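Asker: First the structure, then my questions, so here it is.
Every number here is computed from the coordinates shown, using simple stated rules; none is lab data. These numbers come from a predicted model, not from an experiment. Cβ placement follows ideal geometry from the backbone for every residue including glycine, while neighbour counts extend to all protein chains displayed.
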Amino acid sequence: MADNEASREDRQLPASERRIQKAREEGRVARSRDLGHFAVLGAALVGAAAIGPSMARETIAMLRGALTFGRQAAITPQHLPQMLASLGADAFAATLPLVAGLSVVAIAATMIPGGVVLSTKPLDFDPSRLNPSNGLKRLFSVRGAFDLARLLVLSLALAAIGSWFVATSLPEFAGLAVRPLAQGLSGGASLMGAGLVALVVVLAAVALVDVPFQWFRHRADLKMTHQEARQEAKESDGDPMLRGRMRARQREIAGRRMLAAVPTADVVVTNPTHYAVAIRYDESAMGAPRVVAKGADLIAARIRELAAQSGVPLLEAPPLARALYAHVEVDREIPAALYTAVAQVLAWVYQLRHGAGAPGRTPAAPAAIEVPSGLDPAARGEGDAMPGARQ
């Protein structure tokens, strides 16, 4: 027991999604019995109020039919079994809707805190469940003592409510015996309904506390030690298929986000067909021009297509395109060594926007944009063998 409590103290890290999902697959979810008690009793009260009058009329009719018979029926041996069978069938038919409704409510109430779980794991045979010592450990643990105390408090509260109700309603119950049958049944139903309302109020208050308590207790049970967290991370990272799926998903999300930024660019520098790099510069918010998208081959073609659709200027500058693609990551500012080259490109873009030059003539694109030889892969003899040249 001491080891168990010490182990619980070591579990300080919140449960991971994987641990929560695994517990769910094993059928270990938060459940509240008090919520089930409240739901069933509350549904019984509502059902009795809804169909109580009709049930009372049917009960009176059945009793009258059962207690009214002639001399021949009294001396016929087969009459009593037939009468009892008929009464049983009528009683079953009368109470079936209420019983069915309560069954549905009971099942639904147990699923509310933890949701619907379809697992056969709790049905598996576990020899440790037959070990009396394990049961004694649970009984005399801190949790067992707390649950026992909570049950005693609830029992005392319900007993107090019941005693108060009986004491205050005893004269009325005694008076029912001298009333006609119909009035007696109606009065008894009203008194029982009042008693049920008192119990439902108590159970509702208990359920409001128990549902969040059971949820937090369940999450506390699933907390992890530092060693368990490291082991889980190791197992997750060690699965090549899972790693591959995660990387593919990350690339897909990053690619979508990058392409969505192309229409916001000021210019797209191309190679002209192999590489495409989209540049954006906001003087009020950026310290330097920033690469918002880049790609090779098919992705480069998609960037050029989006730029054309959005009216973003395209400029063929192979050395600059290669240098930007090789040395600047997406959403990063260009290095200082490329400021001059990019400034020439942006100056041309601003001329396009503001209609600089002779009327009716488009400003000429920069003829030769110089890039430091150390930044151009082609100048270093690397050609297309750049990191990430194929995306």
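Asker: Pairs of alpha-carbon atoms within less than 8 angstrom and 6+ residues apart define the contacts here; what relative contact order does the stretch 199-319 have, in percent?
Answerer: Averaging sequence separation for qualifying contacts and normalising by length gives 21 percent for the stretch 199-319.
Asker: Show me 40-47, 153-160, 20-27 ranked by packing, highest mean number of other Cβ atoms within 10 Å first.
Answerer: The most tightly packed comes first, giving 40-47, 20-27, 153-160.
Asker: How do 270-283, 162-175, 299-312 rank on mean C-beta neighbours within 10 Å, highest first?
Answerer: Highest mean packing first, the order is 270-283, 299-312, 162-175.
Asker: With θ set to phi - 60° and the Karplus curve 6.51 cos²θ - 1.76 cosθ + 1.60, what are the ³J(HN,Hα) couplings of the stretch 364-369 in order, to the nearest whole Hz, using x for Gly and Pro?
Answerer: 5, 5, x, 6, 9, 9
Asker: Something else: Ordered by residue, what ³J(HN,Hα) values in Hz, to whole numbers, does the stretch 210-226 give under the Karplus form 6.51 cos²θ - 1.76 cosθ + 1.60, where θ = phi - 60° and Gly and Pro are x?
Answerer: 6, 4, x, 4, 5, 5, 5, 5, 4, 5, 5, 5, 8, 4, 10, 7, 4
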